[in-house]
Every structure is written in C-alpha cells, then in structure tokens.
Amino acid sequence: MLCQNCGKNEATTHIKQIINGDMAESHLCSDCAAHLGYSDVFSGFGLNLSELFGGFLGDMMPSITSGKTQRCPKCGTSFDEIAHSGKVGCADCYRTFYDKLLPSIQRIHGKIKHSGKTVSAAPEQPKIETKEEKIEKLKAAMNDAVAKQDFENAAKIRDEIKALEGGENK
Amino acid sequence: MSKWYIDKGDQGDIVLSTRIRLARNLDEFPFPAKLDIAGKNKVNELIKSVLFSNDGKDFSFIEMKDLSRIQAVSLAERHLISPEFAAKKDGSALVLSADESVGIMLCEEDHIRLQVMKAGLALEEAFDIADKLDSMLDAKLKYAFDERIGYLTQCPTNLGTAMRASVMLHLPALTRCGQMNRLANTVSKLGLTIRGAYGEGSQPKGDIYQISNQITLGITEETAIANLKSIVLQLVSQERAAAAEIIKNPVEEDKIFRALGVLKNARLLSTDEFMELISVVRLGAARGLIDIPIEKINELIVSMQPATISAGNADASNASARDVIRARTVREALQ
Ligand SMILES: [Zn+2]
Ligand SMILES: [Zn+2]
C-alpha cells in the first residue's frame, strides 16, 4: 500500500485516529509520519512506532542471524521478533537482550542512563485468581469432597461453581 | 460531579488543558501484546484490587468490552483514552475518576497508562497527582524497572521516566500567520513534538495543538516538565502578540463577529464548520472582544465532537441528526 499523504513511498506506519466520530486508520510512509508529527506513540494518536524502531534495529540483523536462536525465558520472544516488531515482550526480554538493545535505545534517546523516579523496594504483590483459576480450584475441592463422601459440602461447592460460571464475576 | 474541563485555569486564554501520562508494567507478567485475555484480566484485577483498596471510592471500573463503539470513541474524543485503546475489547479496562480528571488505561500498550488532566497550564499540579497515585500503586505492585534504563515499557521509545507531559494550546493567530511549520521545526530540535489535537495534518481542526516531551530517558520528570513549560510560555506570549495584531485589522474583527453570528443562529452545524467558527470566536473572547467565558467555549469544544454528541443523545445516530443537535446546543449556550 502506498502512503496516503505523498502517494509515493510504501506505507509502513499505521495510525489509528478518531475522525468524525468514528475510528479510522491512516497509512503513511515513515517520512510523512515524522513530518506530520506522528513520531510518538504516547500522546494519544496511537502511532505504531514499531516500523520506525524495527528499522533502527534492522541494521544489526546480519550479526545475529547465525547460530541458535536465543529466546526470552519468560515470554519466549526472540531478538529477531523484537527487531521486526519494535515491541519488547516483557521485562525479562530487556534483561535477556540488554546488550543487543542498548545501541538502539541510545539512538532513540541519546542517553542511556536513567535519571528520575525509581521504584520502591520490591513489595509483596497481592495474588489474584482469575475466574477460570477459581473454578479450577473449586472443582478440585468438590472432587475431594466427593471422594470423602462429604456430599453436603460437595453440593455447596457445586453451587459456588455454578454461580461463578453463571457470569457473576465476584 | 462537574468535569475537570469546566475550569479556565492558568494561561487559560491560550492553554486549554494539561495532561501527564505515566506508563508502567508489572514485572511478573509479559506486556499486553504477549498476554492472553485471561492473563490481561488477571493483571487488571490485580491493579484494580490495589486501586480500590485505598482511595478507590472515587473511581469507576469500566471494561472496554462493555462499551459501545460510540461510547469508546467519545472517550477518545475527550482525550481520556487513546484511539488505539478505543478499539480494544476483551482484556482491556479503564479506571476513571468521577470528574474524569484521572484515567487509568489497563492493558493498553503497557499494563498501566495512568493519566491526569487539568484545565489550563498546570504541569506541576497534574504531575503531583499522577506521582502520588503511581507511588500508591508502587507500594503494592512490583513494577518492571531497571536502574540503568528506568521503567520498562513495551516500546523502547518510552523507557526512562516513561512520562509524557502534554499541553493543549489554541493557536489561531500563529496558524493564521503561517508560523506553525517553523515553530514545529524549532520545537522538535528542543526534544518536543507538536501536532494537531483534533484531526491530523498541518492544519488541525480548531487550531488546537498538543505539545509534548519526546525524550524520556536520561532526563528527570522535573526537568522535562520545566523544559516543556518554558516552551509553552513562549508560545503563549507569541500567540498573544500575534492575536493582538490580528484583531486590529477591521477585516479580522468583522470575521470574529460574523462567526459569532453564525454560531448563534445556525440551524445546522457540521463538526468542521463548528470547529472553524468556534476557533475564531475563541480568539475574540480570549482577547476581550466578545464577552463569553472561555470555559464555556472550552466545554463546547469538548462536548460538540460527533461521537460525544451521539453518546449523549439517543436520536443522534447519523451526521445530519447530530448537526441539528450541535446547532441547537451551541445556539442555547451562546445566548
Ligand atoms: Zn509519504
Ligand atoms: Zn520476554
């Protein structure tokens, strides 16, 4: 697809916008996107910078194509995938591919030393169960109750499961 | 409860609003793009449990899948959510304060996109509110963070403070003088970016622009805010000077009063025509030619966007029905 602004270059940047009360998507080349001021994902117009950033990382592609593909231990994303999409998979991707990502980060920001707010000491994060996990747990408890022939309790748990499956979120 | 934009605020003749956005992620979970719906719901529940355990009486929790398209677009028109987020359904949620000044997008591009809006130029105040909420979340959640590159975000362009500060400005006179391209170039050399707040391109609707910081790594929140503020104040004084020149011209003065005449009398008003005329009228009101409170004009600009009209009026399903309602509402407001 050609850029909707200049009609010359290949459109690589897709911007979601609100136009006349509805959602619309514009397709621009990276030059026009930058020229029109869509060079930032963050302030509301939803530019997908991945192509621009992917382009940055693309320069280093040859050096990493050899050998076995290294993947992030947490989310399974490879450096190739990050380079192509411009999207990092998780916090551990940064740790896994830190040295490879650093040159691009430096090119984007100029600096690579954070200054500003920092996080507090690692807190005890509360645990949250999804509905599916709650149901899973209850089912195990119900089977347990049945095995112990505690049918009264099993029936109670069954009702709880039904209530959860019935769409009541809490 | 009255909305945040019913205020005029500092530098209110030129500055419509200030916004601070912080991006945060939880260390334990992959970023939203790598997370399935159950995982996203889990992240949302976790953040919700922290928010609502403390100070959450003021907040409502909205799942994006429960909103109609019109409602979602209306939130984006009011700059409460991003257009990207408006398209999201399962696994994304919005936490919104009653006055709509605080909004937290859950599982947008990052797990948390916390935003605070204020009327007028109020960067420090807005940052202070955002910072306190962030610290409250930080006390209970383990954020993705690295000493060297700051808050870890899905897109590396947001690393560091992961903060965007933006100011929305009405610059009709500078636009009229053909200064905006030059200013956009200058501003970009200073690590800031400027663009239309409503609609795309070089001539945004209503001459309303949004200027934001671009660099987030290696610069503290305070410095980024101070830089932005000093540029905004320069733009404000340039706009005032240009506007003072413009209104001396009888042709321009005539234009202002004609625009007011149309807004007070029209029976049909399209979005484009409304935005063009209200910009001219706002210039007149800001310079004291017309006696209409600026905050009333600001509120009209927010509430007369198409999806926002449709969201509030059951009978405004198409553009022509909206044009009737828009004309009537504007007429009544300006009487
Ligand atoms: Zn182009
Ligand atoms: Zn990962």
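The values are calculated or read from the model by the stated rules, or taken from the named source; none is laboratory data. What you see is a predicted model, and the numbers here were worked out from it, not measured in a lab. Because the Cβ atoms are built from the backbone with ideal geometry, glycine has one as well, and the counts that use them run over all protein chains shown. These area figures cover heavy atoms from the full protein model, side chains too; ligands, DNA and RNA do not enter into them. Shrake-Rupley method; radii C 1.70, N 1.55, O 1.52, S 1.80 Å.
Among the candidates A:GLU81, A:GLU160, A:GLU124, the residue that is within 25 Å of B:GLU63 (Cβ to Cβ), modelled with pLDDT under 90 and open to solvent by 40 Å² or more (accessible area, probe 1.4 Å) is uniquely A:GLU160.
State whether one or more residues within region B:13-23 are within 13 Å of ligand 2 (Cβ to nearest atom) and buried (at least 19 other Cβ atoms within 10 Å of the Cβ). Show your work before the answer.
Let us first name the residues in region B:13-23 that are within 13 Å of ligand 2 (Cβ to nearest atom), namely none.
Taking every residue of region B:13-23 in turn, none turns out to be within 13 Å of ligand 2 (Cβ to nearest atom) and buried (at least 19 other Cβ atoms within 10 Å of the Cβ).
Annotation: of all residues in region B:128-164 being facing chain A (nearest Cβ under 7 Å), outside any loop (DSSP other than H, G, I, E, B) and hydroxyl-bearing (Ser, Thr, Tyr), the one that is surrounded by the most Cβ atoms within 10 Å (Cβ to Cβ) is B:THR157.
Looking only at region B:277-300, decide whether some residue is in contact (Cβ under 8 Å) with a residue 40 or more places away in the chain, within 14 Å of chain A (Cβ to nearest Cβ) and closer than 24 Å to B:GLU100 by Cα. So far as region B:277-300 goes, no, none of its residues is in contact (Cβ under 8 Å) with a residue 40 or more places away in the chain, within 14 Å of chain A (Cβ to nearest Cβ) and closer than 24 Å to B:GLU100 by Cα.
B:GLU45 passes every criterion in (1) open to solvent by 40 Å² or more (accessible area, probe 1.4 Å); (2) in a helix (DSSP H, G or I); (3) touching a helix residue (DSSP H, G or I) at 6+ places or on another chain (Cβ under 8 Å) apart from (3). For region B:77-91, residues that are modelled with pLDDT of 90 or more and touching a Pro at 6+ places or on another chain (Cβ under 8 Å) total 1.
All conditions in (1) open to solvent by less than 30 Å² (accessible area, probe 1.4 Å); (2) farther than 21 Å from B:PRO32 by Cα; (3) assigned to a helix (DSSP H, G or I) hold for B:ILE70, with the sole exception of (1). Taking each residue of region A:1-20 that is outside any strand (DSSP E or B) and hydroxyl-bearing (Ser, Thr, Tyr) and looking for partners that are away from ligand 1 (no atom under 11 Å from the Cβ) and open to solvent by 30 Å² or more (accessible area, probe 1.4 Å) with beta-carbon atoms closer than 7 Å, six or more apart or interchain, yields A:THR12/A:GLU51.
Name the one entry in B:LEU289, B:LEU300 that is open to solvent by less than 50 Å² (accessible area, probe 1.4 Å) and touching a Leu at 6+ places or on another chain (Cβ under 9 Å).
Numbers: B:LEU289 fails: open to solvent by less than 50 Å² (accessible area, probe 1.4 Å).
On inspection, the qualifying residue turns out to be B:LEU300.
If you check B:THR175 against the conditions, is it open to solvent by 10 Å² or more (accessible area, probe 1.4 Å) and more than 10 Å from chain A (Cβ to nearest Cβ)? It is true that B:THR175 is open to solvent by 10 Å² or more (accessible area, probe 1.4 Å) and more than 10 Å from chain A (Cβ to nearest Cβ).
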